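Colleague: Here it is, the structure in full.
We did not get these values from a lab; they are worked out from the coordinates using the rules stated. All of these numbers come straight from a predicted model, not from anything done at the bench. As a convention, Cβ positions derive from the backbone with ideal geometry for all residues, glycine included, and neighbour counts pool all protein chains shown.
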Amino acid sequence: MTTAIYYDELFIEHDTGDSHPEAPARLAKIVHQLRRHRHWHPFFQEITRHATDGEISLVHSPEYVKSIAAACENGVLQLDADTWISEKSAEAAKLAAGAGLQAVAAIMHEEFKNAFCLVRPPGHHAEQDRAMGFCLFNNIAIAAKELLCNFGLKRIMIIDWDVHHGNGTQNAFYDNGNVYYLSFHQWPLYPQSGLQEEVGVEAGIGANKNIVFPAGTTALAYMDKFKTEVEKSFQYFQPEFVLLSAGFDAHINDPLADLSLQANDYFEMTRLVCDLAQQIAQGRLVSFLEGGYALTALSDSVEAHIHALNSA
Ligand SMILES: [Zn+2]
């Protein structure tokens, strides 16, 4: 079996306006590089379904889901300080969430080794009732709900190594002990949430863990902490399925943050997560593209990520 990459050209049509960091060129560059290095053809899978309003409403309020479609129809361009949309954005966002649903079903049915959703808009900042930080629908949270509700799993682990805290994902499962959220992020940094003392509430206590790094943390210090905390969390939670919010903006060249990772570090991080998923979660792993804004750093890191996923 191989890794599956879910992608659709519609994602390029989610237009965020001139000189926005979360630009269509991000995906165009990644696809171009993967094709050039023959890392595309064996992995690419067509996305055959949108997420339905009902599926998206497992995480978001129905009113909010309708408001995104209406905003696109009415030509609204801006949803919050950083989040811009265009005519095709609602459809692209539903397809991005659909990719995650299709991917988790394919992994549950043992069709592929693991999967990478090469999608935009990204998802981990999207809150129950509002768009935020370039994100419309929380793709990874919707996939986690699918695994809980339709596949009957009881222990889903979400690892989020995007350099920003995934506030939307944390909040979606803050009182839920069935989803363990482990985030590695720079702090202080947008969105300012994600402190170590945020550990969950009610049934979710102990199933939310934030690991923070100050600006300027070396790759060596980051990798050391990452390895220790990922291993500890796997042993503690014993996940049945692993979801990964894979942003690549902790790269040393990224313009939006100040950490120091490079493409080979993402290879090592992916290998570690794959090895532990193999030992504990039957290898079940679906990764979602979140951030990453320096184009060459992003495409090199995604390529390293896919290489590691496929060699798992
Ligand atoms: Zn980010």
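Colleague: Name the pairs: first residue in region 211-240 and in contact (Cβ under 8 Å) with a residue 40 or more places away in the chain, second residue surrounded by 19 or more Cβ atoms within 10 Å (Cβ to Cβ) and assigned to a helix (DSSP H, G or I), Cβ to Cβ under 7 Å, at least 6 apart or on different chains?
Modeller: So the pair list comes out as F213/Y222; A219/D265; M223/D265; F226/M269; V230/V273; V230/L276; E231/L276; F234/L276.
Colleague: Let me ask another. Got at least one residue in region 95-109 being loosely packed, with under 15 Cβ neighbours inside 10 Å and under 30 Å from T3 (Cα atoms)?
Modeller: Within region 95-109 (the criterion being loosely packed, with under 15 Cβ neighbours inside 10 Å and under 30 Å from T3 (Cα atoms)), the answer is yes, since at least one residue qualifies.
Colleague: Go through A246, A297, A219, A281 for me and flag whichever is away from the ligand (no atom under 16 Å from the Cβ), out of contact with any Pro (no Cβ under 9 Å at 6 or more places or on another chain) and not acidic (D, E).
Modeller: A219
Colleague: Now for a separate question. Can you pull out the residues in region 7-20 that are in a loop (DSSP other than H, G, I, E, B) and crowded, with 17+ Cβ neighbours inside 10 Å?
Modeller: Result: D8, H14, D15, T16.
Colleague: Of the residues A312, A263, which single one is closer than 24 Å to V104 by Cβ and either among the hydrophobic types (A, V, I, L, M, F, W, C) or without any contact (Cβ under 8 Å) to a residue 12 or more places away in the chain (or both)?
Modeller: A312
Colleague: Here's a follow-up. Can you tell me which of (1) out of contact with any Gly (no Cβ under 8 Å at 6 or more places or on another chain); (2) part of a helix (DSSP H, G or I); (3) surrounded by 23 or more Cβ atoms within 10 Å (Cβ to Cβ) is the one A143 doesn't meet?
Modeller: Result: A143 fails condition (1) only.
Colleague: When the residues of region 102-120 are filtered to those that are in contact with a Ser or Thr (Cβ under 7 Å, 6 or more places away or on another chain) and part of a loop (DSSP other than H, G, I, E, B), which remaining residue is farthest from H50 (Cα to Cα)?
Modeller: K113
Colleague: Given (1) of a type in the set (S, T, N, Q); (2) part of a helix (DSSP H, G or I); (3) closer than 21 Å to C135 by Cα, where does S287 come up short, assuming only one miss?
Modeller: Unmet condition: (2).
Colleague: In region 278-302, what count of residues is obtained for those that are surrounded by fewer than 21 Cβ atoms within 10 Å (Cβ to Cβ) and under 16 Å from the mean Cα position of the chain (by Cα)?
Modeller: Total satisfying the criteria: 0.
Colleague: Output the number of the condition that R38 fails; it satisfies all remaining conditions of (1) surrounded by 12 or more Cβ atoms within 10 Å (Cβ to Cβ); (2) over 12 Å from K94 (Cβ atoms).
Modeller: (1)
Colleague: Can I ask one more? For a quick check of your reading of the model, give me the residue pairs whose first member lies in region 18-44 and is touching a residue at least 12 places away in the same chain (Cβ under 8 Å), whose second is assigned to a helix (DSSP H, G or I) and hydroxyl-bearing (S, T, Y), with beta-carbon atoms closer than 7 Å and at least 6 apart or on different chains.
Modeller: Here the result reads K29/S299; I30/S299; Q33/S299, each pair linking region 18-44 to a residue that is assigned to a helix (DSSP H, G or I) and hydroxyl-bearing (S, T, Y).
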